[in-house]
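This report refers to the structure that appears directly beneath it.
The values are calculated or read from the model by the stated rules, or taken from the named source; none is laboratory data. This structure is a prediction, so every number in the text was calculated from the model and none was measured. Cβ: placed from backbone, ideal geometry, glycine included. Neighbour counts: every protein chain shown. With ligands, DNA and RNA removed, areas are computed over all heavy atoms of the protein, side chains included. Shrake-Rupley method; radii C 1.70, N 1.55, O 1.52, S 1.80 Å.
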Amino acid sequence: MRPLLSAILALILAPQAASSASSQPNIVVIFMDDMGYADISCFGAQGYQTPNIDKLAADGRKFTNFHVAQPVCSASRTALLTGCYPNRVGIHGALGPTAKHGISADETTLAELVKQKGYATAAVGKWHLGSLPQFLPTQHGFDQYYGLPYSNDMWPFHPQAKKAFPKLPMVENDQVVDADVTPEDQTHLTTDYTTRGVQFIEKNKDKPFFLYLAHSMVHVPLFVSDKFKGKSGKGLFGDVMMEVDWSVGQIVETLKKNGLEDNTWIIFTSDNGPWLSYGDHAGSAGPLREGKGTCWEGGTRVAGIMKWPGKIPAGTTTDTMMMTIDLLPTIAHVIDAKLPEHKIDGLNCWPIVSGVPDAKNPHDFYAFYYEQNQLQAISSGDGRWKLQLPHTYRSLPTDIPKATGGKPVNYKPVKIEQPELYDLYGDLSESKNVAAQNPDEVARLQKHAETIRAELGDSLMKQPKGTGTREAGK
């Protein structure tokens with residue numbers, strides 16, 4: 001009777017278990033490093049193809065007005081994982097190997113959010129939110145971690161290091177497993193990260209999971225495995241993009257092989273625009289102005305793709321604006337998780353993601369900070385108007401040769417003296433300042449700037465801190 005009773009109970013409980021699983025989608029976030037808006041073929045890449053990423057877009061939804069909160073490594077990752085403007089939580093710029101601060105234990109990460117619902121969690125690849133033990137992913141909601149604790153150029157081989165960097169470590173969970181990552185080791189990075197991601201999916205196929213796969217590429221220095229070396233016909237950058245595309249294909253194929261494709265929400269994007277000073281080792285922002293390290297569209301607007309069969313409409317495109325800060329509250333809405341008690345800046349954008357007709361962005365505005373808490377630009381929530389506030393930004397001189405071989409050329413500082421307004425609906429390249437013709441829009445966005453300055457500060461206006469900032473972990 002015992003075996004029979006067990007079988008009956010299994011039959012009764014199986015449908016309930018299946019129903020429970022289907023109500024909690026697996027979540028895979030693939031986060032590129034320094035990949036420009038036009039570095040994948042479905043967003044306009046030239047000279048090489050990215051068929052697996054293109055297939056992801058064809059089977060899902062393209063987001064052509066998708067932004068990061070800041071156009072630089074650590075700050076951008078902070079926004080994605082906490083739903084906050086990074087300066088709200090005390091993270092600025094790109095943390096170096098000797099940084100004594102990182103993400104605070106008081107912040108709630110995406111991993112901690114999904115843990116409420118019993119998700120298995122893994123971070124693979126570049127972390128960059130603090131390299132000391134208390135700041136690593138396993139202390140912030142991730143069950144496991146494998147990757148580099150900061151950028152792959154922060155090592156002794158950097159071509160323009162102002163001072164010698166320490167050896168670059170590979171970390172597994174909270175232990176250094178390779179204290180001296182070499183150039184040869186870097187040729188295996190994309191493959192190793194992919195293998196770890198595949199293994200995590202296969203190990204956790206019977207429960208909901210969250211995989212955060214943060215590639216080190218295409219951040220310089222560029223490295224590629226032998227299986228893609230010289231294959232693109234477009235130089236090393238094209239080879240590296242081909243390998244990243246292969247990686248995306250491996251993740252999707254693993255989901256398909258394990259019957260997980262229909263209940264997995266895949267999010268593919270980048271941490272900022274291309275590092276243009278590296279020339280043929282950098283990507284392209286396409287029609288957008290400038291690149292990484294600026295609050296022009298080429299620095300903050302990145303390619304966005306999401307796929308979830310049956311939930312996100314396949315073969316669609318939206319130009320409705322979104323930002324990475326919106327991912328955490330949107331995921332919380334979908335899985336019915338409780339938002340943090342402290343203030344976050346993102347808002348639920350599921351109607352935009354799921355293709356609700358005429359869905360509107362819920363924000364009145366987005367703020368773009370850079371450097372040491374400089375408020376450099378404000379955009380309207382609908383993504384039409386962008387006000388560039390007075391500040392100095394870096395730009396490539398047009399009268400010098402393009403950088404080659406992985407050694408950069410120098411930027412030139414350019415100063416904006418007066419607020420400049422751009423209508424992005426008709427001027428995606430931010431080429432025509434229409435402030436004089438639209439004084440009401442200038443005034444409206446300046447009022448939003450005053451609002452966010454009060455909360456987060458603005459060093460350009462001699463307001464180093466606002467009333468709503470929190471300290472980083474120390």
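Write down the radius of gyration of segment 47-197 and its Dmax, each obtained from C-alpha positions, in Å.
16.5, 47
Calculate how steeply helix 2-22 sits against the longest principal axis of the alpha-carbon atoms of the chain, using the helix alpha-carbon long axis, and give the answer as 0 to 90 degrees to the nearest 10.
Its long axis makes an angle of about 20 degrees.
Please express the shape of segment 280-353 as an equivalent ellipsoid: the semi-axes are the square roots of 5 times the eigenvalues of the C-alpha gyration tensor, given largest first in whole angstrom. Intermediate results must be reported in sequence, preceding the final value.
Numbers: eigenvalues 147, 66, 19 Å².
Calculated on Cα positions only, the semi-axes equal 27, 18, 10 Å.
Using a 1.4 angstrom probe, figure out how much accessible area the chain has per residue, in square angstrom, rounded to the nearest whole.
Details: 19110 Å² over 474 residues.
About 40 Å² of surface per residue is accessible.
With n ≥ 4 as the cut-off for DSSP H runs, can you work out [θ] at 222 nm for the chain, using -39500 (n - 2.57) per run divided by the number of residues, rounded to the nearest 500? Walk me through the numbers on the way to the answer.
Numbers: 11 runs with 122 residues, N = 474.
For the chain, the value works out to -8000 deg cm²/dmol.
Where does the Debye-calculated log10 I(q)/I(0) of segment 327-447 sit at q = 0.17 Å⁻¹, using only Cα point scatterers of equal weight, no solvent?
Debye output, listed in q order: -1.01.
Quick one: if you stick a label point 7 Å off each Cα along the C-beta vector at K256 and D358, how many nm between them?
Between K256 and D358, the simple spin-label model gives 3.8 nm.
Note down the Stokes-Einstein diffusion coefficient of segment 402-474 in µm²/s, whole number, using a Kirkwood radius over alpha carbon pairs, 37 °C, and 0.692 mPa s. Intermediate values should be presented prior to the final figure.
Working: Rh = 15.8 Å.
My calculation gives 208 µm²/s for D.
Using alpha carbons only, how many angstrom separate the centre of segment 77-93 from the centre of segment 430-462?
21
Put W350, W296 in order of accessible area, largest first, 1.4 Å probe: what do you get? Present the calculation step by step, with values, prior to reporting the outcome.
Working: W350 45, W296 0 Å².
Final ranking, largest accessible area leading: W350, W296.
Spin-label point model (7 Å from Cα, Cβ direction): what's the Q175 to Q134 distance in nm?
Result for the modelled spin labels: 2.3 nm.
Once the dipole of the chain is set up with Lys and Arg at +1 and Asp and Glu at -1 on Cβ about the Cα centre, which of T398, Q463, F223 lies farthest towards its positive end?
It is Q463, whose Cα lies furthest towards the positive end.
In units of 2.2 N^0.38 Å, what is the alpha-carbon radius of gyration of segment 242-382?
Values: Rg = 17.0 Å, N = 141, 2.2 N^0.38 = 14.4 Å.
Normalised by 2.2 N^0.38 Å, the Cα Rg of segment 242-382 equals 1.18.
Under 13 Å between alpha carbons, and skipping anything fewer than 8 positions from K115 in its own chain: which aspartates and glutamates qualify?
D143, D336
I'd like the Kirkwood hydrodynamic radius of segment 241-323, using the inverse of the mean 1/r over distinct C-alpha pairs, in Å. Could the numbers behind the result be given before it?
Numbers: mean 1/r = 0.0676 Å⁻¹.
Hydrodynamic radius (Kirkwood, Cα only) of segment 241-323 equals 14.8 Å.
Assuming R0 = 45 Å, what is the FRET efficiency of Q160 and A454, from their Cβ-Cβ distance, to the nearest 0.05? Don't skip to the answer; put the middle values down first.
Numbers: r = 38 Å, r/R0 = 0.85.
Efficiency for this residue pair is about 0.70.
Tell me, what is the FRET efficiency for Q199 and K167 to the nearest 0.05, using R0 = 25 angstrom and their Cβ-Cβ distance as r? Before the final figure, lay out the partial values.
On the way: r = 26 Å, r/R0 = 1.06.
So the FRET efficiency works out to roughly 0.40.
Sort 183-196, 302-315 by packing, meaning the average of other beta carbons within 10 Å per residue, with the highest value first. Can you show the working numbers first?
Values: 183-196: 18.0, 302-315: 19.9.
Ranked by mean Cβ neighbours within 10 Å, highest first: 302-315, 183-196.
So between Q463 and K231, what do we pick up on full extension, going 0.36 nm a residue minus the alpha carbon distance? If you can, show how the numbers build up before the last one.
Values: separation 232, 0.36 × 232 = 83.52 nm, distance 5.13 nm.
The Q463-K231 span can extend by a further 78.4 nm.
Roughly what % antiparallel, to the nearest 5, for the DSSP beta bridges in segment 74-223? Can you show the working numbers first?
Details: 5 of 14 bridges.
Roughly 35 percent of the DSSP beta bridges within segment 74-223 come out antiparallel.
Rounded to whole Å and sorted largest first, what semi-axes of the equivalent ellipsoid does the C-alpha gyration tensor of the chain yield via the square root of 5 times each eigenvalue? Write down the numbers at each step before the final one.
On the way: eigenvalues 237, 144, 102 Å².
That gives 34, 27, 23 Å for the three semi-axes.
Run the accessible area of the chain with a 1.4 Å probe and give the carbon-and-sulfur part as a rounded percent. Intermediate results must be reported in sequence, preceding the final value.
Working: 10020 of 19110 Å².
Of all accessible area on the chain, carbon and sulfur atoms account for 52 percent.
Can you give the Kirkwood hydrodynamic radius of segment 46-104 from its Cα pairs, in Å with one decimal?
Values: mean 1/r = 0.0723 Å⁻¹.
It is 13.8 Å.
Under 30 Å Cα to Cα from K412, which lysines show up? Leave out anything in the same chain fewer than 8 places away.
Of all the lysines, those that pass the test against K412 - Cα under 30 Å, at least 8 places apart if same chain - are K126, K162, K163, K234, K292, K386, K402, K432, K462, K465.
Sort 354-364, 65-75 by packing, meaning the average of other beta carbons within 10 Å per residue, with the highest value first. Mind showing how you got there, number by number?
On the way: 354-364: 13.6, 65-75: 26.0.
Order by mean packing, descending: 65-75, 354-364.
Considering only DSSP beta bridges with both partners in the chain, what is the antiparallel share in %, to the nearest 5?
Of all bridge pairs located within the chain, approximately 55 percent are antiparallel.
Could you tell me how many degrees, from 0 to 90 and to the nearest 10, lie between the Cα long axis of helix 235-257 and the main elongation axis, the longest principal axis, of the Cα atoms of the chain?
On a 0 to 90 degree scale, this one is about 30.
If one computes P(r) from the Cα atoms of segment 223-286, what percent of pairs lie at distances over 17 Å?
On the way: 1090 of 2016 pairs.
Summing the P(r) tail past 17 Å for segment 223-286 gives 54 percent.
Normalised by the number of residues in the chain, what is the relative contact order in percent for Cα pairs under 8 Å and 6+ residues apart?
Numbers: 1101 pairs, mean separation 104.4, N = 474.
Averaging sequence separation for qualifying contacts and normalising by length gives 22 percent for the chain.
Project the alpha carbons of segment 182-311 onto their principal axes and report the range along each, largest first, in whole Å.
So the three principal-axis extents are 46, 35, 24 Å.
Ordered by packing density, taken as the mean number of other Cβ atoms within 10 Å over each peptide's residues, highest first, how do 243-253, 140-150 rank?
Numbers: 243-253: 21.0, 140-150: 22.9.
Peptide ranking by packing, descending: 140-150, 243-253.
Using the alpha-carbon atoms, what tilt in degrees (0 to 90, nearest 10) does helix 189-203 show relative to the longest principal axis of the chain?
40
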